[in-house]
Structure formats: C-alpha cells, structure tokens
There are 2 protein chains.
Amino acid sequence: MNGAVDLPLGQADLTFRAAGDTLVRRTLLTSGVRVLSERVPGSRSATVGFWVAVGSRDEHSAESGHRATYGSTHFLEHLLFKGTPQRTALDIAISFDAVGGEHNAITAKEHTCYYARVQDRDLPMAIRVLADMFTSSLLDPDEFESERGVILEELAMAGDDPADVASERFFEAVLGAHPLGRPIGGTPDSIRSATRDAVWEHYRANYRPADLVVTIAGAVDHDAAIAELEAALGSAGWALDEPGEPVARRATAAPALEAPTPITVVERPTEQVNLILGVPGVVATDDRRVALSVLNTIFGSGMSSRLFQQVRERRGLAYSVYSFAPGYSDAGLFGMYAGCTPSKAPTVAALMRSELERLASHGVTADELERAAGQLGGAAALALEDSDTRMSRLGRAELMLGEFVDLDEALRRVSLVTADDVQSLAADLAAGPYSLVAVGSADESEFHAVIDQPAIRSDVA
Amino acid sequence: MNGAVDLPLGQADLTFRAAGDTLVRRTLLTSGVRVLSERVPGSRSATVGFWVAVGSRDEHSAESGHRATYGSTHFLEHLLFKGTPQRTALDIAISFDAVGGEHNAITAKEHTCYYARVQDRDLPMAIRVLADMFTSSLLDPDEFESERGVILEELAMAGDDPADVASERFFEAVLGAHPLGRPIGGTPDSIRSATRDAVWEHYRANYRPADLVVTIAGAVDHDAAIAELEAALGSAGWALDEPGEPVARRATAAPALEAPTPITVVERPTEQVNLILGVPGVVATDDRRVALSVLNTIFGSGMSSRLFQQVRERRGLAYSVYSFAPGYSDAGLFGMYAGCTPSKAPTVAALMRSELERLASHGVTADELERAAGQLGGAAALALEDSDTRMSRLGRAELMLGEFVDLDEALRRVSLVTADDVQSLAADLAAGPYSLVAVGSADESEFHAVIDQPAIRSDVA
C-alpha cells in the first residue's frame, strides 16, 4: 500500500495498490503515450479520458503572428467530434448514445480532455472512438463553418450568464495580462476570425504521441486497455515503435503579477449583482495547497462555513455564497462569490473582506480544524465513488502534480495542517491586493470604501 | 426476482430482490409512516430522503382565503433547516458538513424531499437529523424574516437566468390556470406577504405521520434504519402506536386544459433568445410513458438525436438544444428547447415544429428504436450507480406510481415499444395546441408563421 507515488516522466512502468484496494498502473509506451489506470473492485462501469496539456493559456493574440489565436483550443475540441475518415460526426454520436454512455470534452486553461463514461462492456468501444477522434479528425472546412456558429452560440450563452461573466472578469482582474487571465473560449471576434488552417496547425502541433495521456478508472484491465489503444493508434498510422519522450510538465514557479484591477463593474439590468471579491492565491504544486483547502472549507464551503453563516444565515443577504481557490501551474486565485440585491452589494463585499481579515487576525478553532478534516475526507470518499472523479485525479496527477496521492495520504496531509498554517495563509491572502468584480446594477463608486482601505499587514499572524 | 411490484397503500410489508441483486423492502409503520429501502451489494454510502406529497400545486392565491399561499411550500422547505429545540441551524449544518455529507432539499410541483448522502457509518446520524428537522422545526419568527430575504434572492437569481424564466413561462403557457402551471417558488410579492403563522399551519397540516415517506438506498439495513427512525420520531413526541393510514395517492386523470397561450415573449437585452416550443403531453401514470421516453430519446436526447442533428450539427444554429417530457399526476408536457441568436429564433422554432411533424408523418426507423433502447438502458444502468438515483426512484414509486419497476422490467417494457406506438404518440403531440415562449430580444410577430399554421391531423398515423 502506497499513499503517495511519484510519477517520473521517463519511468516506463509503475504498479501499486491505493486506498480502497484499487490497483493503479502507469505505462509509458515506446511512442511516448502515457496510460494510467485505476481498477476499482466491484465496479461495473469505467470512465476513460484522453488528455493533452494544451489549454487557452497556450494561445496568442492575432497580432502576434502565432496561428493558435484566442479560442483555438476550444474550437479544436469541438471539431474533434465532427468526423474522421472512419466515422462521421453522427457515427461518433451514435457510438456513445447507442449504449447510453456519457461523452463530452472539456477545454480548460492548461489542458484539454475528451472523455466517456460507459458500462464495462463498452470500454473497448470508447477507447477506439476516442482514439480515432484524437488522431484522425478531418477538420472538414464545411463542418468548421457550421461549428463556428455553434461556438458563437456557446459564447453568447455564457455571456448571458451573469455568474459566468463575473468569473471570467475576476480572472482578468486578478491575473491581468498573465495568460491564465484570459477566457477559455476566446472572444466572439477571435472566433469569427479563426481559420481552419490555423486550427489544423494547432492540432498537428499538440496532438502527438508524446502529448497524449490516457487515464481510465473503474472496471478496467490495464493490459487489455493498452492493447485496444495501441491497435487504434496503430491503425491511425501512428508510429508506435518510434521512441518518444513525454512532453515536460509545465514550470511551476509563481511569476510576479502585474498590478491587478481593483474594481470591475459590468453593468447589466439584472435583478441581482453577481459579486466576486478576491486576491491572488497559491499555485497548484505549492506546499500550502493542503492548508488552503482546509482554509477554504472553513471559510466558504458548505452551510456551516463562516461566509455562509455571516452572509446568508445571519443576515439573509444572499442565496448562493461561497469561496473558491483554483490553482494552476504558475498562478492561483482565492475568490469569494455572492449573488445579492444591488443595494446590498457593498455590504456583502465589506462582509467578505472583514471575514477574511478576521480569519487572518484571529485564526481558526480546533473544532473548525477537526470539522474541516472530516468534511474534506467525507466529501472525497463520496466523490471517489464516481469513476469520473478517479479518472480526473489520474489526469491531474500525471499532467500537473507529478505525483499520485490516494485518499489515505490526502487525509493524512490534511490532518497535519495546524491552526497556525491556516492563519498564516489567511494573513497572506488578506494582505491583498484585492480585486472586486460586480456584474449587474452597480456603480464603481459604491465599492471604493471596501477596496481602498489599507490591507492588513501580511505578517499580522 | 421480481421485475415490477405493486405498492398497495395499506399493505404492511414487502420484501423482494430487484435487478442487480439489490434487496428492496417496504414497511408501513403503525403510525402510517412508510419506509422503503434498497440495499445495494458492495455499497459504502447511502442516500436517505424524507418525502411528503405536498408541492407548489397544493398552494392557493392570497385572495382565496387559504393560508398556504403561493411559495409557502418552498418557504417551509427552507425553514426546516433553521432549527429545532434540539438543534440550531448551525448545528444542523455542522452535522452534515463535519462528515462531508451532501444534504439539501427539493421543492417540486407535487412533492417536497429532504435528503442526505453520507458514508455508511453516518446513516444513523442522517436519519436522526432529518427526522428532527421534519418533526420539530421551530419556524422561529426572526429566522423567518431572515430567510424571506434569502428566498427573495433565490427568486432573483432564477429571474436572471433566461433558461429558467423560459421554462417557468412554458409551464404557464401550456397549462394555463392549472395548479401545475405555477412557478414552484411563488412570486416576489407572495413571498413578501407570506406570514410565519400561515407557513406554520401549512407545516402542521402536511407533515404528519401519514404523510411521511422515508426512502433509503445504498448501504442500508432496513430494520436498523426503522429502529433509528422510530426512536427519533418517538422522542419528537410522535404517537407511533396510534394507527394511521397513509394519505391517498393523487388522482391521475388528465383534466381538460384551458386554451393555452400561443406565444409568450419576455423581452430581455440578452445575446441569445431562449426558446421553448411545445404542447401538452402525457401524465406520469399513462401507459404511453414508455413510448414517450423512447420518442424523446430519438427526438431530442443526446448528440445523435434528430433535434441535435438538425439544429446544431447540420446548421450550427444553437449550442444547447434538446427536448423534454415532464409528467405529473394529472398533466404532462412535451417541450423543445434551444438557445440561439435572436435573428435565427423563428428559423429554429420552425425547424422544431417541422421535425415533430416529420416524426408524426414518417415515424421512426428500426435502427432508431434499437438505439433508443440501448441508450435508455445504458443511461439507466449508469445512473443507478448513484444511490441518489435509487433513493429518488423509491420515492417516485411510492408517491406517484404505486409500483416499483426495476431496471430489467423497465428495459423489457422499452423493448415492447413499437414504431407504431412512437409514431402514433408523435401524431398526438404534433396535433398541438402549440405554445411558444421566447426570452430575449424577440418580437411576438416573428413567431406567428410558426404557431398559426394549422396542426397536422392527430390521426395522420
């Protein structure tokens, strides 16, 4: 039983048992393709994902001369569903629909993942179809034009969702010109001017054997899955005997950020103001990530959290209120969200800030620490009942962390977090600089009082 | 092995095995409380739900003199989280958060359900806390006022979501003054004028032993769960030895509906128009429900469906497009949804109608029938991996259907659906009357051409 296992890029094979008596295996194929699986006893279904470490952060402005312009990665993701020499778009859809499988893809800031959840007997089919899509998509020019319309509709839908808009603007406000600050889907203009040839180049440049990571969890036989995968990749013309080295993981140093935007107001005639107040956070590989998850749990996750109690339970100011703490290879954020009536938005923003500062100056109780450990452990145990969660955990371990951490080890690390760790981290966060985003009937001037007050000193703890 | 089992209201005990070798048990306690459980081999967690057959349809206008005014049921649902003599709101939140459980409630048109998903060891706690909330909530006047603000925020959030608005207006358009046509949460006005005493009466009138149905799925020992439940109910002062008869299930006859509203436009300065076109459907207990699920699968569920292919894949007119077919005790609806650019909304609406008419006049292929069976079976098998789905299935069986149908029997029924069944049902639906709802930058006059054309005859098939 191993609690945590390093995943060195060049190592050919790894096999170990993890918490819950699952069998984890990792194989580096000659071609550079990496395959990770986690076999869950008693499972009757599986989730398989095909990953590349390419996301919206890897794109460029149209003026830069690079071909991968903003939104190209997401555009490409859509096009992979639109047909290969072997399968039309309808064939692909039928493959999964006919067995009641779930299949979809996600484009993120630092990766793209195509996945399917199917019953055990359908896993070979899922591997074959995803491999065909991954290797052999045609990016047919007519389909390209039709899909441009679909993507513009997707952007319009997101543009009509005030919480979505607030989230995108919050990333821009905190991260500024950093590549992680940009929206994942590009802009309507960048999508309108995207060309098929440029997206094709982006595809060819980033979907090579050395880029591909396949992760499978649930009812999976590792060797059989590899045989199925190699057969599919081989028949697509991939040179499986040609040695390839996996692409290096991203550098993880936190760069200096530009001065953030203190206040962003997007005026909308909506009933609520969608409000986010936040600060720069901690990168995904930072040692303080565990303390941050404890902090975020105590502060803004669940109905017993401080933010929920202060904003919703005691004052009835919001229905939805929580905090969040996304982490990437070289940037992180900490944000507090609430949707509230416009006249109360300054009050809610002030409460958010004062609660974070109270955490920094007074810390957490032993009870809160203990409850947070229980909450994180219980929630993780429930989440790991889904093979989707396990498939994603493998992908994250391989692409971002370079380490597989099972539930027992994750809980052990949580148990080591002290009240001082949490308070010290809270002090770093509370030191700002703060960015506030308000989408709705709001005016910038209302928020100056919250944003302009001097930050508490980061060494207060 | 039983595929389908009747659940007669007065029967004391039932025990049977269902597909997947689960053990289903139902007990009618002396007090009239009903307990249904489904034990799933190998499961390590459980979901428990406390149900009453009271929903928004059971409310009344303020002018009617009834105390349960619009939105009272949902208001009450919120208040059950706000404390009992034994537990404050924070205590309740901590009980579940401290073990990482999920706990929430749903108010629907015909029922209310309070539920929790927890690890197996935490099931007794979940039963105790839910029983305390169900029996002994204080509806404290101060908490009532604070929660009024929370609910107004919830309504405002829904009011800012154009798809939500379209859905609520669609129910109104098709069902008119029928009680199922009203929004679940009430209106801002009805929430502002709600009184604590009226909601208290609503609580006392509808949360009695004979109303309560408890359903539990996953890692559950039926007898132990009943012992835990009765201990909790008894200590709340419930007279468990006093004989009670479960409340009768709702009548299931389909009433005549008023003339529906043909066109509803809610003007909004949004980027997309959220469009729903639909017709009255089929009640939940109708023999044609199985044919309807096959029809809905072929027509508008999944990427291979006709609607998806016509609207998105071939023409790139929408990102989100699907059909849906909710069924209630005495009304049903069939709707087609798409979000699209305003100038294309009339085209999309016309496509929806012509596709439904094509289904009515030309029917479905044997391939489509076979694929639909595979899709429904596979999706159900995957969904039943979650104890939430099984807990809900038990509640629906007890409260609405009066029959438990396992996966094998459900698939057998699907396999009996013929192309004629689907075409005949499509003809009934395509006969209208049609209602169209558009939320966004739209004008009623654009849609007359789609709505005013005469419906095809319902005997076309």
Separation of segment A:418-442 and segment A:136-201 by C-alpha centroid, Å?
29
Add -39500 (n - 2.57) for each DSSP H run of 4 or more in chain A, then divide by its residues: what number comes out at 222 nm, to the nearest 500 deg cm²/dmol?
-12000 deg cm²/dmol
Determine the gain in length on full extension of the stretch A:Ala108-A:Asp13; use 0.36 nm per residue of separation and subtract their C-alpha separation, reporting nm with one decimal.
31.4 nm
Ranked highest first by average number of other Cβ atoms within 10 Å, how do B:64-70, A:174-180 line up?
A:174-180, B:64-70
Between A:Glu267 and B:Glu201, with labels modelled 7 Å along Cα→Cβ, what's the label distance in nm to one decimal, could you check?
4.7
For a quick check: sort B:Phe308, B:Phe334 by the number of other beta carbons within 10 angstrom, fewest at the front.
B:Phe308, B:Phe334
Got the A:Pro188 label distances to the other copies yet, label 7 Å along Cα→Cβ, in nm, shortest first?
2.7
Using modelled backbone amide H atoms (1.01 Å from N, in-plane), which distant-in-sequence or interchain residues come within less than 5 Å of A:Arg44's amide H?
none
Using a cut-off of under 15 Å, list every residue of segment B:324-351 whose amide N is near the label point 7 Å from the Cα of B:His448 along the Cα-to-beta-carbon line.
none
One can check that the equivalent ellipsoid of chain A, built from the alpha-carbon gyration tensor with semi-axes equal to the square roots of five times its eigenvalues, has lengths in Å, largest first, of 38, 28, 19
Can you find, among A:Met336, A:His178, A:Gln423, the residue sitting farthest towards the positive end of the charge dipole of the protein assembly as shown, where Lys and Arg contribute +1 and Asp and Glu -1 at Cβ?
A:Gln423
Treating only the Cβ atoms of Lys and Arg (+1) and Asp and Glu (-1) as charged, compute the dipole magnitude of the protein assembly as shown about its Cα centre; round to the nearest 20 debye.
400
Helix B:419-430 axis, angle to chain B major axis (alpha carbon atoms, nearest 10°):
80
Percent of Cα-Cα distances greater than 24 Å, calculated over segment A:9-235
48
What does the structure give for A:95-105 when I average, per residue, the other chain Cβ atoms found within 10 Å of the residue Cβ?
6
Can you tell me the orientation of helix A:222-235 relative to chain A, as the angle in degrees between its alpha-carbon axis and the longest Cα principal axis, to the nearest 10?
70
Which distance in Å, rounded to a whole number, links the C-alpha centroids of segment B:227-296 and segment A:1-61?
44
Using the crude model of +1 on Lys and Arg Cβ and -1 on Asp and Glu Cβ, and no other charge, please compute the dipole size for segment B:156-284 relative to its Cα centre, in debye to 20.
440
In whole Hz and in residue order, list the ³J(HN,Hα) couplings for segment A:266-279 that follow from phi through the Karplus curve 6.51 cos²θ - 1.76 cosθ + 1.60, θ = phi - 60°; x for Gly and Pro.
10, 6, 9, x, 8, 6, 9, 9, 8, 10, 10, 10, x, 8
How far, in nm, would the chain grow between B:Asp287 and B:Ala236 when pulled straight, counting 0.36 nm per residue and subtracting the alpha carbon separation?
14.2 nm
Given H placed on each backbone N at 1.01 Å, which residues far from A:Ala431 in sequence or on other chains put an amide H within less than 5 Å of it?
none
Three-way shape label, segment B:372-452, alpha-carbon gyration tensor, a/c 1.5:
prolate
The exposure ranking of B:Phe299, B:Phe324, B:Phe171, fewest beta-carbon neighbours within 10 Å first, is B:Phe324, B:Phe171, B:Phe299
Using only the alpha-carbon atoms, how far is helix B:289-300 inclined from the longest principal axis of chain B? Give it as 0 to 90 degrees, nearest 10.
50
Of all chain A residues, the one whose C-beta is nearest the axis that brings A onto B, in angstrom:
A:Gly42, 2
Just want to confirm a number: the relative contact order over segment B:9-235, from Cα pairs under 8 angstrom separated by 6+ residues, in percent.
34
Enter the mean number of other protein chain beta carbons within 10 Å of the beta carbon of each residue in B:145-155, as an integer.
5
From fewest to most C-beta neighbours within 10 Å, the residues B:Trp200, B:Trp51, A:Trp238 line up as B:Trp200, A:Trp238, B:Trp51
Length released on extending from B:Thr389 to B:Arg314, taking residue separation times 0.36 nm less the Cα-Cα span
23.6 nm
For peptide B:74-81, compute the average count of partner chain beta-carbon atoms within 10 Å of each residue's beta-carbon.
0
For the protein assembly as shown, the percent of all C-alpha pairs falling in each 10 Å bin, from 0 up to the bin holding the max distance, is 2, 11, 19, 26, 25, 14, 3, 0, 0
When the C-alpha atoms of segment B:149-195 are aligned to their principal axes, what extent does each axis show, in angstrom, from largest down?
31, 25, 11
With θ taken as phi - 60° and the coefficients 6.51, -1.76 and 1.60, list the Karplus ³J(HN,Hα) couplings across segment A:40-49 in order, rounded to whole Hz; mark glycine and proline as x.
9, x, x, 6, 10, 9, 8, 10, 10, x
Given 25 °C and 0.890 mPa s, how large is the Stokes-Einstein diffusion coefficient of segment A:263-451 in µm²/s, with Rh as the Kirkwood radius over Cα pairs?
141
Karplus ³J(HN,Hα) for segment B:355-363 (6.51 cos²θ - 1.76 cosθ + 1.60, θ = phi - 60°; Hz, whole; x = Gly/Pro) runs 5, 5, 5, 5, 4, 5, 8, 10, x
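None of the figures in this text is laboratory data; all of them are computed from the coordinates on show. Treat the numbers as computed from the prediction; the structure is a model and nothing was measured. Neighbour counts are summed over all protein chains in view; Cβ atoms, including those assigned to glycine, are modelled from backbone coordinates with ideal geometry.
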